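Here is the structure we will look at.
What follows is calculated from the coordinates using simple rules that are stated; it is not laboratory data. Owing to the predicted nature of the structure, the values given are computational and were not obtained by experimental measurement. Neighbour counts run over all protein chains shown; Cβ positions are idealised from the backbone, glycine included.
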Amino acid sequence: MSLETERLILRPWKAEDAESLYKYASDDRVGPIAGWNTHKSVEESRQIIKDILSAEGIYAVVLKETNEPIGSIGLMTGKKSNFDLPENEAEIGYWIGVPYWGQGLIPEAVNELIRYAFEELNIEKLWCGYFDGNEKSKRCQEKCGFRYHHTNKDIYWSLTDNIRTEHITCLTKRYVRPLTSLEIPKAVGLIWEVFLQFDAPDYSKEGIEHFKANLDDKERNNAMKWYGAFDNGNLIGVLAMRESNHIGGFFVKGEHQGKGVGKMLFEAMKADCTNKEITVNAAPYGVKIYKALGFIPTDKEQTVDGLRFTPMVYTEKEK
């Protein structure tokens, strides 16, 4: 079985992948920090494909552009995991070759495995982990919605025959992930539904019509980055970002408001945002919500084309 994202194909490993595997797994910046030893030869890589990577649930991360495996990702359920989980829970593990660090490819692969686990396999909870010092893996997990759960100090790690400290993260069935372009129409439908219920009463007819025109602008929608909050596979909230740091849409279904869904969406977006400041033109109904997230008004309420809004800004605090 294979899975597909915008830039990647996740498929089972093949014996003929050995040379590509060795090319990236022989770099000592990859394996040791992830918990396995650097590969010493193509033959060793071929044997590892046969003995380890051929297991069910482990996929080669293949770049569509080159059709070459550039990393690996796995979904290990129940007792097959490193955490001795019940059968309705699973662990995700991954790595990618050094030339592809910093391009968002592993978060892209992880998000697809999250979708597959929750929406197709009915997994109830996902786990992940990173060793002390592996900041890239920590950031990837944060981007994908995993949250810190606990730390295992001074554990013996047999694969590398040493003592390590591992930090464990967790993701429940209520989770956030980036949306694909094919999911944008569904997100737009949710926005219109929530807008009519909570925002439209504060708008004039002109404002409602202008909002709808913006919402139906496919070019505008496709230029934004979209995040979706899911509960049992159902879309319950969306956040859209434009111009890298301006919120262009932030809506949560009524029955899920006040339950932390908006905060989950905002935290996922913030983990991706490289700007210290995030701006928004908040509708009257949303001002209180944005203030709860740490936004402050930068001007008084304005009305443009019938749309009432208060300019607000969020500034990331120095850590």
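What is the percent of Cα-Cα separations in the chain that go past 27 Å? I get 48 percent for the Cα pairs in the chain exceeding 27 Å. Other residues lying with their Cβ under 14 Å from the Cβ of residue 10 contribute a combined charge of -3, Lys and Arg counting +1, Asp and Glu -1. Of the residues 29, 177, the one with the fewest other Cβ atoms within 10 Å heads the list, and the complete ranking is 29, 177. Largest GNM mean-square fluctuation across 70, 191, 289, computed for the chain with C-alpha springs under 10 Å, falls on 289. Given +1 at the Cβ of Lys and Arg, -1 at the Cβ of Asp and Glu and no other charges, the dipole of segment 82-232 around its Cα centre is 320 debye to the nearest 20. When only Cα pairs below 8 angstrom with a gap of at least 6 residues are kept, the chain shows a relative contact order of 12 percent.
Indicate the gyration tensor shape class of segment 3-172 (rounded, prolate or oblate), computed on the Cα atoms with a ≥ b ≥ c the square roots of the eigenvalues: a/c under 1.5 is rounded; otherwise a/b larger than b/c is prolate and the rest oblate. Here segment 3-172 falls in the rounded category.
Distance from the alpha carbon centroid of segment 43-57 to that of segment 278-300 works out to 52 angstrom. Candidates 245, 141, 15 compared by Cα position along the dipole of the chain: farthest toward the positive end lies 245, with charges placed on Cβ.
Mean-square fluctuations from a GNM of the chain, with a 10 angstrom spring cutoff on Cα atoms, peak among 303, 77, 38 at 303. Please express the Cα-Cα pair-distance distribution P(r) of segment 169-319 as a list of whole percents, one per 10 Å bin, running from 0 to the bin with the greatest distance. Answer for segment 169-319: a P(r) of 11, 42, 39, 8, 1 percent. The sum of -39500 (n - 2.57) across all DSSP H runs of n ≥ 4, divided by the residue count of the chain, sets its helix-only mean residue ellipticity at 222 nm to -8000 deg cm²/dmol.
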